1. Hey, any hits in the range 432-444 for a residue that's farther than 23 Å from residue 233 by Cα and in a helix (DSSP H, G or I)?
2. Is at least one residue of the range 36-45 part of a helix (DSSP H, G or I), out of contact with any strand residue (DSSP E or B) (no Cβ under 6 Å at 6 or more places or on another chain) and either under 20 Å from residue 146 (Cα atoms) or modelled with pLDDT under 95 (or both)?
3. What are the residues in the range 198-221 that are at pLDDT below 95 and under 25 Å from residue 119 (Cβ atoms), if any?
4. Could we say that residue 129 is among the small types (Gly, Ala, Ser), under 20 Å from residue 17 (Cα atoms) and in a helix (DSSP H, G or I) here?
5. Tell me the residue from 334, 311 that is buried (at least 24 other Cβ atoms within 10 Å of the Cβ), touching a residue at least 24 places away in the same chain (Cβ under 8 Å), more than 24 Å from residue 433 (Cα to Cα) and touching a Gly at 6+ places or on another chain (Cβ under 6 Å), please.
6. Since residue 95 meets every condition but one in (1) among the β-branched types (Val, Ile, Thr); (2) over 23 Å from residue 38 (Cα atoms); (3) in a helix (DSSP H, G or I), which condition does it not meet?
7. Can you pull out every residue in the range 167-189 that is surrounded by fewer than 19 Cβ atoms within 10 Å (Cβ to Cβ), of a type in the set (Gly, Ala, Ser) and closer than 23 Å to residue 122 by Cβ?
8. Every residue in the range 273-292 that is touching a residue at least 60 places away in the same chain (Cβ under 8 Å) and either part of a helix (DSSP H, G or I) or surrounded by 22 or more Cβ atoms within 10 Å (Cβ to Cβ) (or both), please.
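The values are calculated or read from the model by the stated rules, or taken from the named source; none is laboratory data. Fair warning: this is a prediction, and the values are worked out from it, not measured in the lab. All Cβ positions, glycine included, derive from the backbone under ideal geometry; neighbour counts span all protein chains shown.
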Amino acid sequence: MDVMELILVSMLLPFLLLIGWKLEGRGADAFAVAVTGISLILNGVAAYEYFAFHMGKSYVDSYISAGTTGSLFGLDVDVASVLMGLTSILLAFLVVLYAVNYMSPTNRKFPLEKGKGRFYALFGLLTSASMVFIYSTNLIQFAVALELMAIAMAGFVDFYGTARLDAAKAFAVLNVGVLLILSAAALLGGGQSLTTMKSNNTALLLLMFAAFMMSSQLPFYSWLPDSTAAPIPASAYIHAASIPPLGAFMLFRVIQYMKPNSATFWILGSFAVALIVLMIIYYPIQREGKQLISYSTMAQAGIAYLTLTYALLGHQAGLQIAIYQVINHAFVKALAFMSIGGFAYSLGTTNFNEIRGIRYTVPWASVAWFLSFFGLAGVLPLGLFFSKIFVVMVTHHAVGVASWLFPAMVLLDGAVFLIVTIAWFRDMFFGEPTPVSEVHSPKLTAAVMVTLILIGIVVPWVTINVVTNIGFMG
């Protein structure tokens, strides 16, 4: 099979997990690991072939089209989509491995007696839909993939049967995003295909707000923190490589192909700055680990949007650093959720007020927590240090007050998150251990977190030269 065929199969393969809805126990685990593992291998081979022999080239193939509407389903294979697709399926595989032990009766906070096949089925739907979104050739494909992701999201949020309203909120917001994408497609007509897209500020604004809904930006920011009622492995994938980061990826794609003028520069920049300011206010008052991570996700997406403003001024560095930010954030964010999941599994809580002395009780989860939370603040050795530095370095592409305001927001966000992390660090990491009758940390869970740490350290060094091949299309 060639690169396009390998990617197509790897993209659609996780849909097979839907047929395992009724499976339970080790059978469900084996099926999910096999499907996502094969998908990762196929996608990995395709990525190797692309980066080794086709670096910098773009291949677009449409499998379904409709007259003047253009492409309805196809593959857009270039540096950005191959890099994002490989990141997404790699994290999906690691999350499945993590879920093998997490989604079990031995979980102290969220014991699961049955429903493992249902979890993997929803996860397969979400993974394939995310991959279809990443390789999309047109706006209609974006909308259909987002609808599938919204269905999976609703199923995850109310997975334990305790968050029906939160699930309905997430589903409603994401469906408004679907409608905005379809409205932009109707406005552009045949130009809704990325390769035929022309500059249109009205369509750009519609797509910008659709992206904001996906990334839980202002004024739609409340749905994502509420969605953390979902199982932690699902949240790890959603925040790292699915809906919120893919909102920024969609806007990246639109700007990359549309090459719009600078008329929307201050709209995008102002909303991103306002969101980051709001998150800075929220950080210090959080006591629940999942909620704090959720607010961080929104801020990191906001930083990607700030970087995309430079692309609106015609600078391809804005495109490159936006993707670099999204990729680096993915591995740090997945690790952060897995560390919190380690607390839930072993200690029975994700409330920071109730967690003490984690380096004694859950050593690997404590290391993951330490590195990921400091990493989210932009501290070495994980990759967000590099992407945030580059965001600040390319600020000379901005205009007027933005040339100092945008980097100031990036630095202030990191500083406040770091202060909040340090405030929790002493007692949580070094304090007297929380009394527990027995602490059990599965070896597979620890192995996944160690793997993520190593990947998170290596990825920024590997991808920095790769993203320099990203530019405007057409």
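1. no
2. Let us first name the residues in the range 36-45 that are part of a helix (DSSP H, G or I), namely 36-45.
Going one step further and asking which of them are out of contact with any strand residue (DSSP E or B) (no Cβ under 6 Å at 6 or more places or on another chain), we end up with 36-45.
Okay, now just the ones that are also either under 20 Å from residue 146 (Cα atoms) or modelled with pLDDT under 95 (or both), so none.
No, the conditions are met nowhere in the range 36-45.
3. Result: no residue meets the conditions.
4. Values: among the small types (Gly, Ala, Ser): yes; under 20 Å from residue 17 (Cα atoms): yes; in a helix (DSSP H, G or I): yes.
Here the answer is yes, as residue 129 does meet what is asked.
5. Values: 334 fails: touching a Gly at 6+ places or on another chain (Cβ under 6 Å).
Step by step, each of 334, 311 is checked, and only 311 is buried (at least 24 other Cβ atoms within 10 Å of the Cβ), touching a residue at least 24 places away in the same chain (Cβ under 8 Å), more than 24 Å from residue 433 (Cα to Cα) and touching a Gly at 6+ places or on another chain (Cβ under 6 Å).
6. (2)
7. 168, 172
8. Here is the first cut: in the range 273-292, the ones touching a residue at least 60 places away in the same chain (Cβ under 8 Å) are 273, 276-280, 283-284, 286-292.
Answer for the range 273-292, where residues must be touching a residue at least 60 places away in the same chain (Cβ under 8 Å) and either part of a helix (DSSP H, G or I) or surrounded by 22 or more Cβ atoms within 10 Å (Cβ to Cβ) (or both): 273, 276, 277, 278, 279, 280, 283, 284, 289, 290, 291, 292.
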